[in-house]
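Just so it is clear, none of the values below were taken in a lab; they were calculated from the coordinates. None of these values were measured; they are calculated from a predicted model. Don't worry about glycine lacking a Cβ; one is built from the backbone with ideal geometry, like all the others, and counts go over all protein chains shown.
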Amino acid sequence: MALLFAVGVILALANFYQTVAARTTEEFYISNWYILGATVWGIVLTVVTYLPGYQNGMGETIIQGYYMHMGVGMWFMTFTLGLMYYFLPMSLNKPIYSYSLGVLAFWTQLLFYSLIGTHHYIFSPLPWWLQTIAIVFSVGMIIPVLAGTINFLMTFKGGRKRVGDSYSLPFMLLGVLFYFVGSFQGSLQALRYTNLVWHFTDFNVAHSHITMYGIVAFMLWGCIYTLAPRLQGREPRQALVGVHFWFALVGLLGYAMSLMIGGTLKGMSWMAGEPFMQSVVLMAPYWLWRAIGGTFMLLAHFVFFYNLVDMLRPRKPAPAPPVTTPEPRPHEILESV
Ligand code: HEM
Ligand code: HEM
């Protein structure tokens, strides 16, 4: 599977690279930076993590942390940001607020994100200095996240009415807000004290979904609702897009908020030295809310599937125009006289 994935990403990179290389302008747009970056880092990550030889003992743990965070940060997140830099201006029909902020976010993401994998193993036997680097760079992630958030929000500026009328923009706006909240939450989780409370608890599962679901899935839905209606010229039903949006949002909030509260209480119970079973019992109502939120998320997916199929249905061919005898041309009239 890994080999197939690697072949797929290499072919995609070759395709993207050739497209960029054949451009006629000197500069190339931020989307391309991100999409090329994601494919290059996707390949680096696959090679580093699958090469045998140096992955023994603690080395294996370090590589595992690197893999986890490169996977979410340099593959999923980077690719999705590349798509956002393309589809957001397209949906708003105006250029991105700042090209320079986009490039700053790109390079600082490369600097900080690729060195934070060890924040998954705070207080583990891994070298203390490596953990400290991961913590410092996790806090450094605030720079690219803030640059990206400001760039997207400033692009939205003045478009409030358009957001209300659009299928795609509400998803993108929520994705941007979760991008800030989820990433900032990650920076907080990496600190030693907070990690003491939250590590091993359901708080992490809340973070995983605020990011993978709130950011990546919401942004991708925004991009799909921009592109799909243009393919067959079919718009989805506004009310059903609304159902998809609200079910996904309310479900995610129910899922994540309950796990954040329950996870914090669980961590505090462990720190107070209470019996483990007590922490399991105290989670029961929060897991119930997780299940209710999760059910709404699942229902949202069915509605999205229906909307997608509806948008991609081929259009019925237009009825053929009635056959009429063509009007005689001027020279034909002259010839017949
Ligand atoms: C950008 C700043 C971010 C920082 C500083 C950060 C930080 C962290 C930290 C410290 C943990 C581990 C907590 C622990 O185990 O105690 C974690 C877990 C996780 N993060 Fe983030 N995060 C960030 C963004 C993201 C994004 C954008 C995604 C997804 C697109 C993401 C997905 C995840 C996932 C899936 C886990 C759980 C991994 C596991 O199974 O243990 N994070 N993050
Ligand atoms: C109907 C929607 C979804 C529901 C109900 C759901 C539910 C769950 C549950 C119950 C877990 C296990 C949590 C645990 O270990 O206690 C989980 C883990 C996870 N899910 Fe989801 N999920 C959904 C959608 C997604 C999507 C769309 C993504 C990614 C885009 C995602 C990413 C993850 C990740 C990364 C983990 C591992 C978390 C960790 O180890 O911290 N989930 N999910």
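Data overview
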quantity	calculated
Where labels lie 7 Å past Cα in the beta-carbon direction, separation of Arg230 and Leu153 in nm	2.7
Helix axis angle, 2-21 relative to the chain longest principal axis, alpha carbon, degrees	50
For segment 1-95, the spread of Cα positions along each principal axis, largest first, Å	52, 25, 24
Ranked Val7, Val20, criterion: other C-beta atoms within 10 Å, fewest first	Val7, Val20
DSSP loop GluC sites (Glu not before Pro) with at most 15 other Cβ within 10 Å excluded, longest remaining stretch of the chain	28-337
Hits among lysines - C-alpha to C-alpha of Lys94 under 16 Å, sequence gap 8 or more where chains match	Lys157, Lys161
Mean separation of Cα contacts under 8 Å (6+ apart) over length of the chain, as relative contact order %	14
Mean-position separation - Cα centroids, segment 1-57 and segment 216-254, in angstrom	28
Linear extension gain, Leu312 paired with Tyr54, 0.36 nm per residue minus alpha-carbon span	88.1 nm
Longest to shortest principal axis, alpha-carbon extents of the chain, angstrom	109, 47, 42
Angle in degrees between helix 99-113 and the longest Cα principal axis of the chain, rounded to the nearest 10	30
Backbone HN-Hα couplings from phi across segment 128-143 [Karplus 6.51/-1.76/1.60, Hz, Gly and Pro as x]	4, 5, 5, 5, 5, 4, 4, 5, 4, 6, 5, 5, x, 4, 4, 5
With at most 11 other Cβ atoms within 10 Å, longest stretch of the chain clear of loop trypsin sites (Lys or Arg not before Pro) (DSSP)	158-314
With eigenvalues of the C-alpha gyration tensor scaled by 5 and rooted, segment 102-222, Å	30, 16, 10
Segment 58-98: radius of gyration and largest Cα-Cα distance (Dmax), Å	15.8, 51
Pair Trp129, Ala284: separation of 7 Å Cα→Cβ label points (nm)	5.1
